[in-house]
1. Assess whether H157 counts as being in contact with a Lys or Arg (Cβ under 6 Å, 6 or more places away or on another chain), closer than 16 Å to A48 by Cβ and part of a loop (DSSP other than H, G, I, E, B).
2. I need every pair where a residue in the stretch 16-32 that is farther than 19 Å from W102 by Cβ and of a type in the set (S, T, Y) has its Cβ under 7 Å from the Cβ of a residue that is in a loop (DSSP other than H, G, I, E, B) and at pLDDT 95 or above, sequence separation at least 6 or different chains.
3. Restricting to the stretch 214-257, give me the number of residues that are modelled with pLDDT of 95 or more and either of a type in the set (S, T, Y) or at positive phi (or both).
4. Looking only at residues that are in contact with a Ser or Thr (Cβ under 8 Å, 6 or more places away or on another chain), buried (at least 21 other Cβ atoms within 10 Å of the Cβ) and not charged (D, E, K, R) in the stretch 84-114, which one is farthest from R20 (Cα to Cα)?
5. Here is a list: T161, T137, T170. Which entry is at pLDDT 95 or above, out of contact with any strand residue (DSSP E or B) (no Cβ under 6 Å at 6 or more places or on another chain), closer than 25 Å to S188 by Cα and among the polar types (S, T, N, Q)?
6. Determine, yes or no, whether E37 is surrounded by fewer than 16 Cβ atoms within 10 Å (Cβ to Cβ) and touching a residue at least 60 places away in the same chain (Cβ under 8 Å).
7. Any residue at all in the stretch 102-110 that's closer than 28 Å to R44 by Cβ and either over 17 Å from the mean Cα position of the chain (by Cα) or at pLDDT below 95 (or both)?
8. Among (1) of a type in the set (A, V, I, L, M); (2) assigned to a loop (DSSP other than H, G, I, E, B); (3) touching a residue at least 24 places away in the same chain (Cβ under 8 Å); (4) farther than 23 Å from A216 by Cβ, where does A10 come up short?
Amino acid sequence: MPDFPAAYQATEGSPLNVDRAFYGRLAEETGTRRLVESFTIPIRTGRAWTVPAGNVFRIVTQEGPQVGDLNIWNLHNPRERLWASRTRQLQAAHVTTFDRLWSNLPYLRPLVTIIADSLADYGIDAYGGRVHDLLGTRCDPYVNRMLTGEDFDFCCHSNLTRAVAPHGLTELDVHDVLNVFQCTGLNSEDKYFMRDCPAKPGDHLEFFAEIDLLCALSTCPGGDLSVPLWGPEARDPLEVCRPLGIEVYAVDPDLLEGWSPPEVARYGGAHGMRLETPPWAK
């Protein structure tokens, strides 16, 4: 199949053209980091944590392949949160090192920049699968009930809902996710597929916080997705569920010289709702 150019092209100086030298140094200079927080998220649960701007957080497959569903908010304004669909357009449907995760309108700025990905060399497999998925979204009890006729309280949507409740957020704040370590694609019928997770113990995805963040991660109840979740061959994938680790690091301030948190979008219009008569109507 012939290739076709991407619709969203970066111009010189665009936020899509990241400073690879800067972010590369952040990934490489690990010896000067200070571990701020480290914890394990058990299987089929979720947890939320905060990350100050200028810090780094890492998601780790501690025991082997496991998918995680990630939500991100502005710590001080939860109305600003990860916008998965626009990130797909601005970056890619599967993200890796130097890609950014963008916030929703009217803010539209990078929440994080990915600075390290141990699965960056996975590429495209024989089925067209790639890792770190933005094509799909979290599993939820509503679709599960529709497909199976049964209630299940530990879908990623529910895990994230419980995780953010102590922070004053609700189910309505849970949004489309980054499926970390998840291998997905579109089949010959243009339908979404999920393959078994290729991660090994110690694989990781690492993010630089561009602003103060509230993050939440669910350890997917599907585990490594090697077991069908729906359909005639579906069964409980409990035996392929594993925990995920979170590490938060403070970065050497000298490495941040010249960096500052990104501003919100500079659009200064009013969506055509000003009282002035437009030029073509005068």
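The values are calculated or read from the model by the stated rules, or taken from the named source; none is laboratory data. All figures in this text were calculated on a predicted structure; none of them were measured in a lab. All Cβ positions, even for glycine, are placed from backbone atoms using ideal geometry, and neighbour counts span all protein chains on display.
1. So H157 does not fit the description; no.
2. So the pair list comes out as T32/D252.
3. 6
4. That would be A84.
5. T137
6. Yes.
7. No, there is no match, as no residue in the stretch 102-110 is closer than 28 Å to R44 by Cβ and either over 17 Å from the mean Cα position of the chain (by Cα) or at pLDDT below 95 (or both).
8. Of the numbered conditions (1) of a type in the set (A, V, I, L, M); (2) assigned to a loop (DSSP other than H, G, I, E, B); (3) touching a residue at least 24 places away in the same chain (Cβ under 8 Å); (4) farther than 23 Å from A216 by Cβ, the odd one out for A10 is (3).
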